[in-house]
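For reference, the structure discussed in these notes is given below.
Just so it is clear, none of the values below were taken in a lab; they were calculated from the coordinates. Computed from a predicted structure; not experimentally measured. Every residue, glycine among them, receives a Cβ derived from its backbone with ideal geometry; neighbour counts consider all protein chains shown.
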C-alpha cells in the first residue's frame, strides 16, 4: 500500500516536471507564431539542411540609426533557373525598422518583410534595415523557401518544396546584457525559497531519527501535520508559513528597491511595478504578519491561560489551512505575469475595471478565504479567552500578551466582515458582472474605500497590538518585575480597540469624502495616540522600576520602543488634514507605516521569537548570533527607512515606478540628493534583508545542535513557564506540590486589589451562578 | 494503521478524553473552496459566460467541498450516541457555567451581524444616494431612448400586487414556522420522560419539517427571481387579465439591466390605463406634458445598481439559508438514526440559534427590500 | 428551554402566533391605501409605509431574539444578551459612516440622519 503511495508521488513529480518542460510558443507582434517554428505553411512543411539561407550586409555591430542594405538569399533545394517560381523568404528583425525598395518584397510591419508575387521567382532579395538608436540585442530570423516550380503538382504546387532558416544576432556599439524579467526573477526566487523550505522540513524530519528516514515513517508524520488540530502544531504551521512569506515579501521589496535605486530606471515598467507593490503589501500584511501573530497566539494563549487547547480545535485547523490555499490563489497572478496591480488597498473603480489585470480576481478570491480564516480565528480566541481561563484567573489577572490577543481578535472579527463584503462585491463585479462599482451605472467608488478602511484601520491595530503584548511580557521578564500599571495597560488596549473603529477616515482625507466626517476623524485620530502613549510610558516606568537583564529579546524590545515611538510620532503629522493633503501618497507615509509595521510589528515578532523559542522547541538560540542579528538588522533597518521621511517631504511619490532629479526647482522633480539617498536606501535594504538570514541560520543551528532549554530560561512567571520545554502533547504544568496537572492562579492579588468595583458588581448580577445551572434545576 | 491509539483522521472520531483530534476535513475543505473560487472566475468574466466547458470544473470544486463535509460528518455522527458526551462548560466569568459551544456560536453571530450590516449599509448608501426612478420619472428629466441612472427598488415590482408579494409573504411564514419547528425538535430531543423511539420519530419529523420549509423558501425564491408562476383562470381578472405572474428576471430586473423599462414609466400606458397609474398633477412631468415641452414616452433606466444590491443582499441571506439546509441534512440524518438524546440535544440548540438568526435577518430584509 | 408562560400558554406557540399576526399586519400595511392617512400627517405614503414597517420589524426582532433565542428567561440570558448587543456600537458606526454619507443623498433624509451633508 505504501509502495502505491510512492508510485503516486513519483508520477506526480514526473507530471510536474513534464509540464515545466513543455515548450512554449513565441508570438510575434504580427501574430504569426507559426512562421518561426515551421516555416511558411503555404509552401509545405519540409525543412531541409540542403537549403542554405544567408543574410549579407550586416555589420559586426551596428551604429546607431544607421541604414544597412541587406541581401537575403539562399542556395540549394529544388529551385532551378527557368522555373516559374523559384523561392520566397520571410525576414523578421527584433529591433530596428525594416523597409523595402522594390516590388519584389513587401513590408508587413516594421519588423517583418516577405516576398511578393512579383518577387517569388528569384533566389535573392534586397531590403533595407535601419538600426535602433540605443543599445539593443537584435535578432534576425530569416526563413527561405526553395520552390520546385511545379505549379500544377500536388498540394497546389507546394509538394517537393523545401524550406530552411537562419538566425543572426548582433548588438550595438556597447554590448547589452539581456534584461531580466522581474517576474522571472521573482518566480525563480519563490520556487527556490519554497524548495529550500521543503528540504529544511525533510531535514528536520531526518534529524529526529536518522534511522527511521523512509517513506513508511514520513507519510504518517506528514499526515499528522496536515490533519492535526493541536494548537501547538498549528502554531508552528502558522509560524513557518508566516516566516516563509515574510521572506517572499522581502524579495518583492528588494526588487522594488532595485528599480528605485537610480532615477529613471527601467528594470520594472509601471505596469509591473504596480503588481509588485500590490503583492508586497498583501503578502506582508495577510500572509506574513497575520499568520505570525496567529502562530504566537496559537502557541501561547492556551499555555498562558492554563487551558488544554483552544475552544474549537478543528475550526482552528480550518483557519490555518484556508491560508496556504488563499496564498496559492493570490499568487496565481504572480506566476502568470498578470498579478493584481491595484495596490493592496484595491481602490475602486480600477479594481473592477477590465484594465486591471485578471490576477485581481484571484487576489480578491484569495483574500475572501483569508477573511473566513480570520473570522474563525477571532471566534475561537474570543471564546477561549472568555471561557477557558484557569481557575482563579479573572480577566484582570490574564497576562498582557493574552489581553493583546483578545483585543486584537475583537477588532479583527468585528471589522473584517466589512472587508469580506467589499471583496465579495469586487469578486462578483469582476466575475458575474454586478454593478457595485460600475461608475457608468451609478456605482460609488467611495463605498469601497469606506468598507475597506472600516476594516483596514482596525487591521493595522490588529497587527501592532499583539506586538505590544509581546513587548509587555519581554520587558516585564527582562526588568524582573511585573509591568507598571497593569490596569491602565488593559484599559489602554481596550481604548485602542474601540477608538480604532472611528478613525478610519484619515486614510480617505483626500478622497472627497464627507467634510463633516473628515473633521470628526481628525479629532478621533489625534485621540487614538493617547492610549498608545500611555503604554509607552508604562513600559519605560517598568524598566525604571526594575533591573534590566540584557538578552536578545530585551534588545529587540528596546529597539521596538525606539522605532515604534518614532513611527508613532511621524504618524501624528497625518491627522491634521492640511498636512495630510501634502503628505498623502508620498514617501513620508511609506516611512511612517514601515516604522510602525517593521519597527513595531516585526521587531515585536523578533523579540517574541527569541523569548519563546526555547519554550516551543526545547532548544536555546545562540545569544551571540542573536546580538549580531540585532545590531546588523537594527542599524540597516534605520538606514533603510529613516531617509524616506526626507524623501517624502521633498515630494517623492509612492507607487510611482521611478522618479527624476533635477538641479532646478521644477514641480515633480526631486533635488539631486534624492538619487543618492535612494541608492543608500536600496543598499541598506539589501543589508537588512540579508541580516535576517542570521536569524534563520540561528534557528536552524539551534534545531540541530542547540543546547537544551530549561523550563524557565528567563525567569518568567506566567503559566507557560510552568510547563516543560517543549510542552508535552497534552500540556501539563508543574504545580506547587510537585505534581503535574492543569494550574490554578492561587495568588490573585498580584496585580490589583481584589475588591470588585461598581462595574464588577453590576456584572456579577448578570452571571450564571454555580447552583443555578440547568442540570441542577432539572 | 487505525487502531486504538491512532484513530483515523478520515473516520469516526474517538470521543475518549485525551484522544487525538486529527481530521482531514479542514485541509480538504480549504482546497475545495480554493478550487471553487478559481474555477468560478474561469467560467464567468465580467458577466460574460465563458462556455459550458468551464462549468464541470466548478462542480469539481463543489464536489471537493462536499467530500470534506462528508468527512466532517462521518467524524461527528457518533457524538453522543453512546451516551458519552463531552460538552464542556465555561469556567470563568462572565460566561461561567454556559456551554462553550454556545458562547462560540454567539461570537459567530456577532460577526454575522457585521456581515449583514455591511450589506445593508451598501444598500442604504445607494438607495439614498441615487435618485428614485419614480422621482426621476416625475421630474421629467429624461428622454425616451436614453437611459437615465436611477434606483428602482425591487419593492416597486414586488409590492405592486398581492400575487407578487405572495412568494415573499409565504417565505416569511415559512421561516417563522421553521423557527418554531426547530424549537420543537429541541424540546423533544431534551425531553427525558418519553420513549426512545417516540423521541427519535418526533425529532426527525421536526428537523425534517424545518429542512422542508427551508427548501420551500429557496424554491419560492427561485420562482420569484427566475421562474414566475401561472395563475388559475378565476384569478386572471385580478391580475389585469394576465395569466401568470412574471418573475423579476422576466420583468427585466437584472444586474446588467442598463435599459430597463416598466409600464409605470410609460406615459402612453398611463394614458391608456388611468385606473392603474397616473402622473401626479403637481409633478414637473405633468406640467411639462401639459405645456407640450416634454413628448412623453417610455422612460429607459439603468438599474444595474438597484438590481445588484437587491440580488446580492437577498442572495447572501439565501446562501445562509442554504448553509442551514446543509446542516439540517446532516442533523435529520443523525436524528433518524436516533442520534439525539437529552445528553447531546444542545447541538440542536446551537443550530437553532443560527437558524433564528437567519430568520432575524429575514425580518429585516423582507420589509426593507421587498415591501419598501 | 423556557420555563415561563405567555398568557398561560406555551411561550413558543404564543411567540409563533404573535409573529404570524405581525407579519400579516406588515403585508396588509403595504397593500392598503394609506394616502389619506399620509396626507393627514403631511407626508408621503411611502414614508408612512416605511414607519409602519420599521415599527413592526422592531417587536418581531425582539420576539425572535428574546423567546426563540432564549435571551429572556434563561439563567444565561443576561450575559448572552449583553454579548448580542455588544456589536451595536460598531453597527451604528458603520451605518452612520458608510450607509448615510453618500454625497448625493438627497434631502429626503432628515438632517440628523445625514452626517455628511451639513451644508459644508
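Taking the Cα atoms of region B:29-109, the ratio Rg/Rh between the radius of gyration and the Kirkwood radius comes to 1.24. Taking every alpha-carbon pair in region A:480-638 and binning the separations at 10 Å intervals from zero gives 10, 31, 32, 19, 7, 1 percent.
Taking every residue in A:300-313, how many Cβ atoms of other protein chains lie within 10 Å of its Cβ, on average?
Numbers: counts 0, 0, 0, 0, 0, 2, 1, 1, 3, 1, 0, 7, 5, 4.
Per residue, the number of nearby Cβ atoms from other chains is 2 on average.
Averaged over peptide C:9-21, the number of partner chain Cβ atoms lying within 10 Å of each residue's Cβ comes to 3. Considering only alpha-carbon pairs that sit under 8 angstrom and 6 or more positions apart, the relative contact order computed for chain A is 10 percent. Among B:216, B:31, B:109, the largest mean-square fluctuation in a Gaussian network model of chain B (Cα springs under 10 Å) belongs to B:31. Taken along its three principal axes, the alpha carbon spread of the protein assembly as shown comes to 115, 93, 72 Å, from the longest extent down to the shortest.
When the P(r) is computed for region A:668-715, the part past 19 Å accounts for 58% of the Cα-Cα pairs.
When restricted to Cα atoms, chain B yields an Rg and a Dmax of 26.0, 91 Å, respectively. Helical runs assigned H by DSSP (4 residues or longer) give chain A a calculated mean residue ellipticity at 222 nm of -18500 deg cm²/dmol, each run adding -39500 (n - 2.57) before division by the residue total. Per-residue extension of 0.36 nm, minus the Cα-Cα distance of residue A:198 and residue A:765, leaves a gain of 198.6 nm for this segment.
Using the 2.2 N^0.38 Å rule of thumb for compact globular proteins, work out how region A:154-239 stacks up: its C-alpha Rg over that value, please. Mind dumping the intermediate values first?
Numbers: Rg = 26.8 Å, N = 86, 2.2 N^0.38 = 12.0 Å.
Computed over Cα atoms of region A:154-239, the ratio equals 2.24.
The Stokes-Einstein estimate for region A:93-202, based on a Kirkwood radius over Cα pairs and taken at 25 °C with 0.890 mPa s viscosity, is a diffusion coefficient of 136 µm²/s. Full extension of the chain between residue A:213 and residue A:660 gives 155.2 nm of extra length, using 0.36 nm per residue less the Cα-Cα distance. Legend: P(r) of region B:287-329 from all alpha carbon pair distances, 10 Å bins from 0, whole percents, reading 23, 22, 19, 16, 11, 8, 2. Computing Rg and the Kirkwood Rh from the Cα coordinates of region A:615-659 gives a ratio, Rg/Rh, of 1.30. Per the Cα gyration tensor, region A:326-448 maps to an equivalent ellipsoid with semi-axes of 37, 16, 10 Å, ordered largest to smallest. Any idea what angle helix A:2-21 forms with the longest principal axis of chain A, computed on alpha-carbon atoms, 0 to 90 degrees, nearest 10? So the inclination is approximately 50 degrees. Of the peptides C:89-96, A:407-414, A:282-289, A:559-566, the ranking by mean beta-carbon count within 10 Å, highest at the top, reads A:407-414, A:282-289, A:559-566, C:89-96.
Could you please rank A:164, B:25, A:48, A:415, placing first whichever residue has the fewest other Cβ atoms within 10 Å of its Cβ?
A:48, A:164, B:25, A:415
Kirkwood hydrodynamic radius of region B:174-279, from the reciprocal of the average inverse Cα-Cα distance over all distinct pairs: 17.8 Å.
Computed from Cα atoms, the angle from the helix C:45-63 axis to the main principal axis of chain C rounds to 30 degrees.
Here chain C is treated as a sphere whose radius is the Kirkwood value from Cα pairs; by Stokes-Einstein at 20 °C and 1.002 mPa s it diffuses with a coefficient of 122 µm²/s. Per residue, the average separation of C-alpha pairs within less than 8 Å and at least 6 apart gives region A:611-719 a relative contact order of 45 percent. When chain B is treated as a Gaussian network with alpha carbon springs shorter than 10 Å, the biggest mean-square fluctuation among B:86, B:322, B:27 belongs to B:27. With a simple spin-label model that places each label point 7 Å from the Cα along the Cα-to-Cβ direction, the separation between residue A:487 and residue B:268 comes to 7.9 nm. A viscosity of 1.002 mPa s and a temperature of 20 °C, combined with the Kirkwood radius over C-alpha pairs in the Stokes-Einstein formula, give region A:539-585 a diffusion coefficient of 167 µm²/s. Evaluated at q = 0.21, 0.23, 0.27, 0.29 Å⁻¹, a Debye calculation over the C-alpha positions of region A:172-222 (equal weights, vacuum) places log10 I(q)/I(0) at -0.79, -0.85, -0.97, -1.04. Taken over region A:393-433, the ratio of Cα radius of gyration to 2.2 N^0.38 Å equals 1.88.
Pairwise Cα distances in region B:53-176 exceed 16 Å for 82 percent of all pairs. Each listed q (0.21 Å⁻¹) maps to a log10 I(q)/I(0) for region A:601-675, found by the Debye formula over equal Cα scatterers with no solvent: -0.92.
Calculated on C-alpha atoms, the gyration radius of region A:440-511 divided by its Kirkwood radius gives an Rg/Rh of 1.21. Relative contact order of region B:81-234: 15 percent, from C-alpha pairs under 8 Å at least 6 residues apart in sequence. For helix B:304-336, what angle does its Cα long axis make with the longest principal axis of chain B, in degrees from 0 to 90 and rounded to 10? On a 0 to 90 degree scale, this one is about 30. Considering every alpha-carbon pair of region A:56-129, the percent of pairs per 10 Å bin, from zero through the bin containing the longest distance, is 20, 49, 25, 6, 0.
Taking only the C-alpha atoms, wrap a convex hull around region A:327-399 and report its volume per residue in Å³ as a whole number.
Numbers: hull volume 8.8 nm³, N = 73.
In region A:327-399, the Cα convex hull volume per residue is 121 Å³.
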